[in-house]
Structures are given as C-alpha cells and as structure tokens.
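The structure appears right after this line, and notes come after that.
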Amino acid sequence: MRKSLVALSVLAATALPTVVSAADYSDDIHKNDYSWSQFNLMYAVDELPGGSSHDYLEMEFGGRSGIFDLYGYVDVFNLTSDPDSDKADAEKIFMKFAPRMSLDAVTGKDLSFGPVQELYVATLMEWGGNSGVNTQKIGLGSDIMVPWFGKMGLNLYGTYDSNKKDWNGYQISTNWFKPFFFFDNGSFISYQGYIDYQFAMEDEYATASSGGAMFNGIYWHSDRFAVGYGLKGYKDIYGIKDTSAFKSTGFGHYFDITYKF
C-alpha cells in the first residue's frame, strides 16, 4: 500500500496503533513495542513508469522493538500468471524493507526539539530482481509532529544503486496517516499517503536529475478490514525523463482490499 514507502518510514499508508511517545526510554526500552501485518489485494491502473495496469498481492508489515522500528512489504505480481498481463514478462516480486535505529534509545538521551519527537539512523532497501530497481539508502530519519496530520515520518537518505555499483543522489521521504471521519461502530475513514522525492542524481545514471511520487489514499478502516483508493502522482519517476516514447510523469490509480492480522 505504501510503495514507494511506500516512503519509507514507519507505517506508510497503513493503520497506526496508538503508542506512547517513542522518545521516552527512561524506564523501559521496550514499552513502546508493537507489531502489525496485513495482506493487501491491489489493482494498479496506469502505474508509471510505462503506464502498466495489473493486479498484485502485497504482504505488508511493521512494528517496533526496543531501539528498532521497521516498515516493509513484499509485492507479488500477476497472481494468476496471466500471459496477457502487463507484468507477464516482468519480475515477479518486489521487496522493500525500511528499518530505522533510534538515536534516542541508543544514546539514552531525549533528542527531541521543536516538532521533532525522535531521531533515527534510517535505512531503506529495495530489491526488484535482476532487471528492476535495486537500491540501498542510508541517512537521518525522524518522527515529527505536524498540525492536523499528527505524527509523520521524515527521512533523508543517500542512495547507493546496486545495479550501477555507485552512489547516485539523495532521497527525501515522508508519510502520514490521518483518520478524519469516525463512524458509530468504531470504523473510520483516513487520509494516508507518502512522498518519495529523489534529487541530485548523476547524468551518467539518470536522464532526469530529480523525480519522485506522491501517493494520496482515502481508506475506510475497521479492526479487521480496509478498503481504499489511492491517486499517485509521478514526476520523472526514478530519474527517468518523461518522453512520448516512455511515460514517467502523470497519474496512476490504486484500488485495495486489505485484511489485517
């Protein structure tokens, strides 16, 4: 659901549990621990780059354990192995893992300031198979408090491209989850999404020096299920300059049915 993140950070595009402020480790380093997992049955329309429409199953998970928090997912494309699918000749699986290590917990100090609740060493690993996106990112992460949105993740990474065997620019990512309408039965509607933006990419590795995506989802949530629609805007995604021959700028649509474990 996060995808690009699904941004990458804590719980992009998924329900956040209510936890104590993660910056306070004075009495018990594990007092904020939690975990979650869910299956998302997805259908993408006009996904970029390239404008592909296809089904996929996403196994999404995350949580907190002591000094570590984690977000990740595994996508499996073309579930029925349909030879006419847009993904028929593409890699079958894409994986993203985004562990972060709390600097507050490691140092035993409260490093919060202003809207920043907690600081992290943030990493992001993406594996798309032999022909896909394969990057490792490392940098500084944070949890910040933003008016109306509440807590958001905000991370800045340097990017190592495993396909090119070289460093290639930077990425800034943020994500949010904001319930804004509640029903009497306890279910609610949320606005959730993320931004992943790459910049300062090298000319020898990219046809555009910057590019990224923004996912805007409206979801209905119950304790066990979620149903949603996401509009994803792309601009020269992955540093691929938009051309008439290969589209990398525009909008894609995502439809989702979720089961929560």
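The values are calculated or read from the model by the stated rules, or taken from the named source; none is laboratory data. Just so you know, these numbers come straight off a predicted model, no measurement behind them. Cβ placement follows ideal geometry from the backbone for every residue including glycine, while neighbour counts extend to all protein chains displayed.
Here are some notes:
- The one condition in (1) among the charged types (D, E, K, R); (2) at pLDDT 95 or above; (3) out of contact with any strand residue (DSSP E or B) (no Cβ under 6 Å at 6 or more places or on another chain) that K164 fails to fulfil: (2)
- Residue satisfying all of: in the stretch 130-165; hydrophobic (A, V, I, L, M, F, W, C) and part of a strand (DSSP E or B); farthest from F181 (Cα to Cα) among these: I138
- One residue from D27, D82 being at pLDDT below 95, over 16 Å from the mean Cα position of the chain (by Cα) and over 26 Å from A245 (Cα atoms): D27
- Answer from S222, S190, S173, S248 - the residue that is farther than 22 Å from M59 by Cα and among the polar types (S, T, N, Q): S248
- Among the residues making up the stretch 111-127, those that are surrounded by fewer than 19 Cβ atoms within 10 Å (Cβ to Cβ), out of contact with any Phe, Trp or Tyr (no Cβ under 7 Å at 6 or more places or on another chain), of a type in the set (A, V, I, L, M) and in a strand (DSSP E or B) are V116, V121.
- Among the residues of this structure, S35 does not count as one that is more than 14 Å from the chain's Cα centre (by Cα) and either part of a loop (DSSP other than H, G, I, E, B) or charged (D, E, K, R) (or both).
- Considering the stretch 190-208, the residues that are surrounded by fewer than 16 Cβ atoms within 10 Å (Cβ to Cβ) and within 22 Å of the chain's Cα centre (by Cα) include one that is farthest from K232 (Cα to Cα), namely A200.
- Single unsatisfied condition, N130 versus (1) surrounded by fewer than 20 Cβ atoms within 10 Å (Cβ to Cβ); (2) in contact with a strand residue (DSSP E or B) (Cβ under 8 Å, 6 or more places away or on another chain): (2)
- Residue check: A208 meets all listed conditions (1) in contact with a Ser or Thr (Cβ under 6 Å, 6 or more places away or on another chain); (2) over 20 Å from M125 (Cα atoms); (3) of a type outside the set (D, E, K, R) but one, namely (1).
- Restricting attention to the stretch 142-163, the residues being within 24 Å of E202 (Cβ to Cβ), buried (at least 16 other Cβ atoms within 10 Å of the Cβ) and of a type in the set (G, A, S) number 0.
- Scanning the stretch 93-110 for residues that are in contact with an Asp or Glu (Cβ under 9 Å, 6 or more places away or on another chain) and part of a loop (DSSP other than H, G, I, E, B) turns up just one, D110.
- S53 meets the conditions (1) modelled with pLDDT under 95; (2) under 30 Å from T243 (Cα atoms); (3) of a type in the set (G, A, S) in every case but one. The failed one is (1).
- Enumeration of residues in the stretch 102-141 that are hydroxyl-bearing (S, T, Y) and either over 15 Å from I67 (Cβ atoms) or over 15 Å from the mean Cα position of the chain (by Cα) (or both): S102, T107, S112, Y120, S131, T135
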